[in-house]
1. Has segment 389-404 got at least one residue that is more than 16 Å from ligand 2 (Cβ to nearest atom), open to solvent by 10 Å² or more (accessible area, probe 1.4 Å) and either among the small types (Gly, Ala, Ser) or over 30 Å from residue 87 (Cα atoms) (or both)?
2. How many of the residues in segment 19-44 are open to solvent by 30 Å² or more (accessible area, probe 1.4 Å) and in contact with a strand residue (DSSP E or B) (Cβ under 9 Å, 6 or more places away or on another chain)?
3. Within segment 348-377, can you find the residues that are in a helix (DSSP H, G or I), buried (at least 21 other Cβ atoms within 10 Å of the Cβ), in contact with a Lys or Arg (Cβ under 8 Å, 6 or more places away or on another chain) and not aromatic (Phe, Trp, Tyr)?
4. Out of 485, 404, which single residue is of a type outside the set (Val, Ile, Thr) and either within 16 Å of ligand 1 (Cβ to nearest atom) or part of a loop (DSSP other than H, G, I, E, B) (or both)?
5. Which helices (runs of 4 or more DSSP H) sit wholly inside segment 236-297 and have at least 2 residues that are under 22 Å from residue 15 (Cα atoms) and either within 16 Å of ligand 2 (Cβ to nearest atom) or under 20 Å from the mean Cα position of the chain (by Cα) (or both)?
6. Quick one: residue 100 ticks every box in (1) part of a strand (DSSP E or B); (2) within 26 Å of residue 403 (Cα to Cα); (3) of a type in the set (Val, Ile, Thr) except a single one, so which number is it?
7. Are any residues in segment 259-280 open to solvent by 20 Å² or more (accessible area, probe 1.4 Å), closer than 18 Å to residue 131 by Cβ and not charged (D, E, K, R), and if so, which ones?
8. Looking at segment 232-242 only, could you name the residues that are away from ligand 1 (no atom under 11 Å from the Cβ) and open to solvent by less than 10 Å² (accessible area, probe 1.4 Å)?
Amino acid sequence: MTRRWLFADQLGPHFLDDRRQPVLLIEAKAVFRRRVFHRQKAHLVLSALRHRAAELGDQARLLRAETYAEALRRLGEPVEVAHPTSRRALALVRRLDGVTVLPPKGFVTSLADFAQWADGRRGALRMEAFYRFARQRHGVLVEGAEPVGGRWSLDTDNRQSPPKGATRLDVPPPSMPKEDDIDAEVRADLDRWEKKDGIRFVGRDGPRRFPATTREARARLRHFLRHRLPTFGPYEDAMLAADPWMAHSLLSSSFNLGLLDPMEAIRGAERAYQRGQAPLASVEGFVRQLLGWRDFVWHLYWHFDPSWRRRNELAARRPVPAWFRELDADAVTARCLADVLAGVRDHGWAHHIPRLMVLGNYALQRGWRPAELVDWFHQSFVDGYDWVMTANVIGMSQYADLGRMTTKPYVSGGAYVNRMSDYCGGCAYDPKQRLGERACPFTAGYWSFLARNRDRIPGNARMARTMAQLDRLADVDAVRAQESRRGDTAP
Ligand code: FAD
Ligand code: SF4
């Protein structure tokens, strides 16, 4: 049987055809020299790779080398590998002698299914339509050809503000893994790389909070389905300063490392609904994220040409400032931004809304270079991978392609943060003010952004009301002048 080469994001049992198949794992140091990763991300990836090697014992060879090519030369036998998850890695495996490339694994829908669905569709490709197709194709939450409950999306039942007066959601915290000797060894190696090999990281080190094995990932999944899923839906979009995890699953890094098969989680959520353990709105919300968004952004990465990653249609030319790049949350006064940036610094993770409506929103308003943000998100988050970035950052968060996958930019003022969180109450700024000492940088930044990009943003019904409001603002020039004085200093 040919040896299966597993990249460090292909680590679960579903990446092997046979339980006894010989395996190759490669720890390539050049990867860590190329980018400045979050320290906890580097730890998680190495820990997961080494745990897999330990699980497989004699069945696997773990080679430590500077590059993948060097390790393969040392191995000296043919290998096969599942379709890698980045264009760079795909080009590499196609270039190397003796490597057979197999179809991708780790996603629910196949490349062929997506091509068939996308072919012949006119206009923008929309997640909603793909999601419906995928549910029908795989029989998820359907009765015949119809959705369980009569509606494909229960999004309007979700998206609630946080419960009044609560500082935390009333759910048990996520199950956390326990570190072991392998983690201790990884930590010592990373310390040494930093001191002696000139490899640099960002963010703080801390206890490993994300699963490094399939067993740990399944434990987190079970705990989520039993205790946290019912609350997931209604508060999916809410933020609380004292509750970074809310009722999210914290499983993205496990899916992206290949530890957990997404279909296992989807079927688990479906069963929770059938047994009456979770309401349909929460289950549908979770399935939409995983089968809808996750598969959709994966396919868009391959479907659109590589130049998509470099799109910058809003002409955003300012470099990402050092305080943001280096996760210097202490330099920031704006409570929402300081808290979310501190979360990234301390955990390498934030849930979807802080990523989109705090970090991404601020960058969009300020006109920071989208390609630099792609790198920043990729490096700073434990679940960051090339394939997930283009759609989420270029398409969704920075609107740098003028709406290939969204109908309008995800930009908002402080009113949104105020409605969806408890941040504004304790902030030095006031979300209602756009001018003066206490002007909220998000509110002022919102109007500045719209005024600056008025002619670039394509007109459509969803933007018409916003633009009419902009036209009625008498002080817009003063707001723009104020924000240009604020520039890229930490707000
Ligand atoms: P949950 O809220 O519990 O959702 C369940 C699962 O759905 C997630 O584990 C994830 O696998 C999947 N999912 C949900 N939304 C998306 C999405 N938009 N794209 C892909 N998968 C999704 N996700 C990543 O996996 N890696 C990233 O690097 C990443 N970067 C992002 C950057 C920006 C600017 C934005 C707006 C979103 C990004 N996301 C990324 C998507 C999403 O924010 C995370 O997947 C989610 O917050 C992870 O937390 P969770 O596992 O608790 O997710
Ligand atoms: Fe953020 Fe503005 Fe609210 Fe302060 S007032 S927390 S800066 S949205």
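1. Taking every residue of segment 389-404 in turn, at least one turns out to be more than 16 Å from ligand 2 (Cβ to nearest atom), open to solvent by 10 Å² or more (accessible area, probe 1.4 Å) and either among the small types (Gly, Ala, Ser) or over 30 Å from residue 87 (Cα atoms) (or both).
2. 3
3. Once the filter is applied, which keeps residues that are in a helix (DSSP H, G or I), buried (at least 21 other Cβ atoms within 10 Å of the Cβ), in contact with a Lys or Arg (Cβ under 8 Å, 6 or more places away or on another chain) and not aromatic (Phe, Trp, Tyr), segment 348-377 yields 366, 370, 374.
4. Sole residue among the options that is of a type outside the set (Val, Ile, Thr) and either within 16 Å of ligand 1 (Cβ to nearest atom) or part of a loop (DSSP other than H, G, I, E, B) (or both): 404.
5. Filter on segment 236-297 gives 252-256, 262-274.
6. (2)
7. Within segment 259-280, 263, 273, 280 qualify.
8. Within segment 232-242, 238, 239, 240 qualify.
The values are calculated or read from the model by the stated rules, or taken from the named source; none is laboratory data. From a predicted model like this one, the values you see are computed outputs, not experimental measurements. No Cβ is skipped: glycine too gets one built from the backbone with ideal geometry, and neighbour counts run over all protein chains shown. Accessible surface areas use protein heavy atoms only, side chains included; no ligands, DNA or RNA. Shrake-Rupley method; radii C 1.70, N 1.55, O 1.52, S 1.80 Å.
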